[in-house]
Amino acid sequence: MTTQFSTIAIVGTGAMGRGIAQIAAQAGSQVLLMDAHPGAAEAARHLLKEQWGKLVAKGRITADQATAWTERLCPVSAVAD
């Protein structure tokens with residue numbers, strides 16, 4: 001499978017933004033997370049990491065997959081980033 005978008009940006013890290021970020025990271029894209037609320041992008045990254053951790057515990061994905069996907073999530077503080 002070839003990744004169509006090497007890097008994408010998500011502005012808004014609520015439930016919908018996190019879902020889009022999850023799918024994009026799993027597809028192989030580097031994902032820039034930005035939110036107007038300080039700390040929200042990092043919190044979204046943490047929530048996705050926890051979600052993938054639960055899937056690892058259930059044997060649905062490997063720990064290596066969870067680590068790779070988490071590393072693709074990059075919180076940023078401004079749209080210009």
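In the stretch 30-81, the residue that is surrounded by the fewest Cβ atoms within 10 Å (Cβ to Cβ) out of those that are outside any loop (DSSP other than H, G, I, E, B) and basic (Lys, Arg) is 54.
Tell me, which residue of the stretch 9-29 that is part of a loop (DSSP other than H, G, I, E, B) and either out of contact with any Phe, Trp or Tyr (no Cβ under 6 Å at 6 or more places or on another chain) or at pLDDT below 95 (or both) is surrounded by the most Cβ atoms within 10 Å (Cβ to Cβ)? Among those that are part of a loop (DSSP other than H, G, I, E, B) and either out of contact with any Phe, Trp or Tyr (no Cβ under 6 Å at 6 or more places or on another chain) or at pLDDT below 95 (or both), it is 13. Scanning the stretch 2-35 for residues that are without any contact (Cβ under 8 Å) to a residue 40 or more places away in the chain and on the phi > 0 side of the Ramachandran plot returns a single hit, 12.
The values are calculated or read from the model by the stated rules, or taken from the named source; none is laboratory data. Just so it is clear, the structure is predicted and the values come from calculations on it, not from any experiment. In this analysis, Cβ positions are derived from the backbone assuming ideal geometry, glycine residues included, and neighbour counts consider all displayed protein chains.
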